[in-house]
1. Can you return the lysines within cross-link range of residue 331? Criterion is Cα-Cα under 30 Å, with same-chain partners fewer than 8 residues away left out.
2. Just the number please: accessible area per residue for the stretch 11-143, 1.4 Å probe, all protein chains included, in Å².
3. Give me the percent of Cα-Cα pairs in the chain that sit more than 44 Å apart, rounded to a whole number.
4. How large is the convex hull of the C-alpha atoms of the stretch 504-596 per residue, in Å³?
5. With a/c under 1.5 counting as rounded, go ahead and sort the stretch 341-438 into rounded, prolate or oblate using the C-alpha gyration tensor (a ≥ b ≥ c being the square roots of the eigenvalues; past the cut-off, prolate if a/b is larger than b/c, else oblate).
6. Share of Cα-Cα pairs in the stretch 1-101 beyond 25 Å, in percent?
7. By how many degrees, between 0 and 90 and to the nearest 10, does the Cα long axis of helix 120-129 differ from the longest principal axis of the chain?
8. Expressed as a whole percent, how much of the Cα-Cα distance distribution for the stretch 254-337 exceeds 19 Å?
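The values are calculated or read from the model by the stated rules, or taken from the named source; none is laboratory data. All figures in this text were calculated on a predicted structure; none of them were measured in a lab. Positions of Cβ are backbone-derived with ideal geometry, glycine not excepted, and every protein chain shown enters the neighbour counts. Only protein heavy atoms, including side chains, enter the accessible area calculation; ligands, DNA and RNA are left aside. Shrake-Rupley method; radii C 1.70, N 1.55, O 1.52, S 1.80 Å.
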Amino acid sequence: MNKHRDRIEQLRRAMAKHGIDVYMVMTEDFHSSEYVDDYFKGREWLSGFTGSAGTLLVSAHAAGLWTDGRYFLQAEEQLKDSGIELFRSGMPGVPRIPQFLRKHLKSGATLGYDGRTVSFSFGEAIKKELNGLSVNYKTHKDLLEEIWQDRPDFPKAPIWLLEEKYSGRSVESKLAQLREKVVEAGAEAILISSLDDIAWLYNYRGDDVLYTPVAMAYTLVTAEEAILYIAPEAVNEQVKEALSADGIVCRDYFAVYEDVKKHYSGEGAPKIIVDKAYVNEALLESLSNPVFVDNPTAMAKAVKNPTEQENIRQAHIKDGVALTRTIYEIKDMVKKGTIGQETEISVEKRLTGHRAEQEDFISLSFSSIVGSGDHGAIVHYEATPESDRNIGEGFLLIDSGGQYLQGTTDVTRTLSIGKVTEEMRTHYTAVLMGNIDVDMAVFPKGTTGVHIDGFARRYLWDLGLDYNHGTGHGVGYLLNVHEGPNSIRKSSDAGGFGAAFEAGMVTSNEPAFYLEGRYGIRIENLLLSVESSTPGFMGFETLTMAPYDRAAIKVEMLNEKQRKRIDEYHAKVFETLAPYLSEDERNWLREETAAL
């Protein structure tokens, strides 16, 4: 039997034991994090699907997995022979999970899930949809504890402090700002569950999630105290003393459930701010007077201060050196006819090695994507020993990033390997034109990413083409590579217009095109929102420093403004990176970045 079929059967036996008709397994940890520690990868363990987004529903006779457009091809491949049906979220005719449950749950049935892994907003949506069906809920049972025999340990890695020369602000100033927001909201306290917000607030970083330097924690802040709920093993005496000097008291991670129930439940309980998107059901059910407000730290964190901005520029120079050196080596192998000896995994290792050579490099910011040929059409492809292949003629897509003391990077370049067809060059140039138009965008203050998204897609639309993911996401400072509230995407994808761009925000710009079974193209820069020279308007500063693929550009498709922008950008790339490169690398880059 397929091992995942067997695991699903084990789950069904546990469900029957506890009187549960349908069990829901989330991707998230207890904090609605996008990327999670191995301890929380129960959905992956059960289904075999390794993507970073997805929800699994299991009943006595059926199982289904919902995921978004980034993972359709990957999920289709990984769910083969598992007996799990793929539901392509957002596609016509595909029901959302609450609507699916409404249709398939019988009156009196029992729905089960671990309430600590379900955000209040999602749980609320389910219960609202199922209202009137007399559905029973069992939300305090983690059935994986009974069947996952070799489950990894709960994460509790040591945290370390981020010096103010990197953070740019003191903990004292951040807490003062947060307390002002609590008062403005008419509350007495705030409970923060999002791991990156807590790490940002207290100027520490951790190692509980691969590629994302955060720690498993909650924090509760009032006018008089700030409590950090974290594993005792994660805080050494030196760090504890530094936190204490800023008025922060450490308590055991799981004590938060007892504390909120003791102090914030019952008649006359103090009003406490929580963010619906991050606080889990198990915590919220103990709060008698919650005030639903987006975490005030989210916007403060998204708008990078001047110190962070300058540091981020330096991080992108380091990252640009690593990526450009890798591109040079690949192109040199193409020239010498030895590229066929290279594989997707060896390219990834080559690039990671060059990043590791850079001063203050900490880790990758996500698992690198290196896709040759049709693998590039799988949006979040990750080469494994089983899928790894030699680099062949056509397009090679590389999407990767790094964590440095100076910030977080995320960049994608698509390289032409040997001969590429006119059609491929047309598609590449259409994607590049969209990327350039977003880079050049000038827009009134108050503009959101929904208004920018069409800039990236217009040339693909002219060809009757599109891509099934957002154009851009916010990026943290030595934190989450995907950070809100800023983004660039269709409103239908996001369910709203999102946050307006403010000076200091960092956002990715990554238009793309995927031709299933043949190739993928994505070109990504990170952009810093800046004030425009025109009063009342804003624009972007391009942070990423790496050349576009000259051989793939169909120059005759570009308008004069786009050609000029590419030439100016390439000139800056050469001027910025040349001092850090060898003579051969420098000579190649000079040719690659020469005026079109």
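1. Leaving aside lysines fewer than 8 places away in the same chain, those within reach of residue 331 are 318, 349, 419, 554, 561, 564, 572.
2. Spelled out: the 1.4 Å probe surface of the stretch 11-143, per residue, equals 43 Å².
3. Everything past 44 Å amounts to 20 percent.
4. Spelled out: Cα convex hull of the stretch 504-596, divided by residues, is 148 Å³.
5. Oblate shape, in that a/c is at least 1.5 and b/c is the bigger or equal ratio.
6. So the portion of pairs separated by more than 25 Å is 14 percent.
7. The two axes meet at around 70 degrees.
8. For the stretch 254-337, the fraction of Cα-Cα distances above 19 Å is 64 percent.
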